[in-house]
Amino acid sequence: STAVFIVTGLLVLGVLPTVTAPWRADRSHHQAMTALAVGEPVAALRHLESAVILQPRHPGYLALTASIHRTRGNIVAAALMSTRAADLRSGDPVLVREAARDSLRLISQAGWLDYAIGYYEELVRMDPFGPGREESAAFFEAIGRDERAAGLRHVVVGDG
């Protein structure tokens with residue numbers, strides 16, 4: 001009976017952290033929002049980092065972390081978080097646009113131009129006639145892909 005109690009206790013202790021991770025991440029997110037409300041972005045980042053560790057596939061925590069990094073001028077960290085968020089929630093134009101913009105800010109560094117191109121293309125694919133179309137066209141024009149930019153700006157109107 002003692003062995004059963006020990007085994008049961010070990011199982012509970014082994015499973016408990018996994019089972020409670022979403023709740024603990026939500027609590028960390030709440031603490032981050034409270035810290036932001038009182039103007040403490042460093043504390044907010046600390047709480048969000050805990051939330052991301054507990055729930056690494058939660059795009060909302062990643063996007064908020066990216067936003068704070070962005071406002072604090074840490075563009076690399078912002079880009080790393082926003083691209084993860086966009087990749088986790090494909091089809092979300094807000095996350096994809098932020099990932100594209102963050103990637104664009106880093107295009108002088110190896111690999112980031114390809115990310116920016118990919119996210120701007122994805123933005124147009126998701127909503128071909130949406131508001132990201134002009135931003136994507138301007139991006140392609142800025143990097144010298146005039147034909148792609150012109151193709152995005154040319155809208156074919158049907159005969160009706």
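The values are calculated or read from the model by the stated rules, or taken from the named source; none is laboratory data. These numbers were taken from a predicted model, which means no experiment stands behind them. Note that we place each Cβ from the backbone using ideal geometry, even for glycine, and neighbour counts take in every protein chain shown. Ligands, DNA and RNA are stripped out before the accessible areas are found, and what is left, the full protein with its side chains, is counted by its heavy atoms. Shrake-Rupley method; radii C 1.70, N 1.55, O 1.52, S 1.80 Å.
Are there any pairs with C-beta distances below 8 angstrom linking a residue in segment 88-107 that is over 15 Å from H58 (Cβ atoms) to a residue that is not in a helix (DSSP H, G or I), with the two at least 6 apart or on different chains, and if so which?
Filtered contacts from segment 88-107: P93/D127; P93/G130; V96/S90; I107/I143.
If you take the residues of segment 21-75 that are in contact (Cβ under 8 Å) with a residue 24 or more places away in the chain and part of a loop (DSSP other than H, G, I, E, B), which of them is most open to solvent (accessible area, probe 1.4 Å)?
Result: R57.
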